[in-house]
Amino acid sequence: MTVARDNIERTAPAPAPASEKGKGKEKTKGSKRRRLFYWLLIDLTVAVVILALLLYKPARYNPVIQVLTGANGERVHPYLSHELGPQLYNGAQSRRPFNLVVLDRALNEAIAQFRWPRETGGIVFAAPTVLFHPGRIVLMGTADIEKAEFVITIELEPKLDDEGRLDLNVAKVEVGAVPITLLAKMMARRMYQERLETVPVDTEDIRAKVAASLLAGESFEPVFKVDDKWVRLKDFSIAQGKLEAEMVPAR
């Protein structure tokens, strides 16, 4: 037993000097610091990339420069008063089918003439524009939130079902280059329901129907009144830069 104990004592490693223990702790601390630095660098890089994507300005977003005219900058643009208005009014009064042609370039000139920016719920909206692409309507504009400006893009794929009901169908929502379609739809539906519960809304008004379709995905009868005559959207086609609607008399 004594011999065995002596052998164990001889072969047991000598305790490390205090200086070597200190060096080991310093290496461990240094390794943790490096790992922490790398994680902070990764987080910072991700944050910068996300911010860059949010602040991204799509190349197709080229709003018309606002030119104020009249006392308040909201005089009716000639495209609305001399072209679209007469097309719609004369067609409705004729009580016969007619086509209504809308050009996005002229429409954007008319939109730019209204007073912008406008504030809603602390968010400042400005420079809206409408683009017609084959089968799609693209709505774009800037939203200023706490001095940070983002470009909002909403793409619609409107469709008429077999019963003639119109669904505006929000297909895509983006902030800069970041898609937020599902989140935007959830928030829009919630906002719409809250508004119905708190504010009296005439659900038969065509503007309320359009809002319900955009915010809650509800289809509606595309029938509206022009002066004293009712018209219905029977069909439509969307080409590059142009929307053509087929209108028919309605009871």
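Return the total of residues in the stretch 129-153 being free of Cβ contacts under 8 Å to residues at least 24 places away in the same chain and over 16 Å from residue 118 (Cβ atoms).
So the answer is 2.
Testing residue 133 on (1) open to solvent by 40 Å² or more (accessible area, probe 1.4 Å); (2) under 25 Å from residue 251 (Cβ atoms), one condition comes back false. Which one is that?
The failed condition is (2).
Against the condition in contact (Cβ under 8 Å) with a residue 40 or more places away in the chain and either in contact with an Asp or Glu (Cβ under 7 Å, 6 or more places away or on another chain) or not in a strand (DSSP E or B) (or both), how does residue 96 come out, does it pass?
It is true that residue 96 is in contact (Cβ under 8 Å) with a residue 40 or more places away in the chain and either in contact with an Asp or Glu (Cβ under 7 Å, 6 or more places away or on another chain) or not in a strand (DSSP E or B) (or both).
Can you find a residue in the stretch 144-152 that is farther than 26 Å from residue 79 by Cβ, among the acidic types (Asp, Glu) and open to solvent by less than 50 Å² (accessible area, probe 1.4 Å)?
Yes, because at least one residue in the stretch 144-152 is farther than 26 Å from residue 79 by Cβ, among the acidic types (Asp, Glu) and open to solvent by less than 50 Å² (accessible area, probe 1.4 Å).
I'm trying to understand the selection: among the residues of the stretch 132-149, which are over 14 Å from the mean Cα position of the chain (by Cα), closer than 18 Å to residue 61 by Cβ and modelled with pLDDT of 90 or more?
132, 133, 136
I'm trying to understand the selection: among the residues of the stretch 115-149, which are of a type in the set (Gly, Ala, Ser), under 23 Å from residue 170 (Cα atoms) and part of a strand (DSSP E or B)?
126, 127, 141, 143
Restrict the check to the stretch 109-130 and report whether at least one residue is of a type in the set (Val, Ile, Thr), open to solvent by 70 Å² or more (accessible area, probe 1.4 Å) and under 27 Å from residue 227 (Cα atoms).
Within the stretch 109-130 (the criterion being of a type in the set (Val, Ile, Thr), open to solvent by 70 Å² or more (accessible area, probe 1.4 Å) and under 27 Å from residue 227 (Cα atoms)), the answer is no, since none of the residues qualifies.
Yes/no matrix, rows are residues, columns are (1) under 24 Å from residue 233 (Cβ atoms); (2) at pLDDT 85 or above:
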| site | (1), (2) |
| --- | --- |
| 35 | no, no |
| 48 | no, no |
| 55 | no, yes |
| 64 | no, yes |
| 73 | no, no |
| 87 | yes, yes |
| 105 | yes, yes |
| 113 | no, yes |
| 128 | yes, yes |
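The values are calculated or read from the model by the stated rules, or taken from the named source; none is laboratory data. All values derive from a computational prediction rather than experimental measurement. Cβ sites come from the backbone with ideal geometry, for glycine too, and all protein chains shown count toward neighbours. With ligands, DNA and RNA removed, areas are computed over all heavy atoms of the protein, side chains included. Shrake-Rupley method; radii C 1.70, N 1.55, O 1.52, S 1.80 Å.
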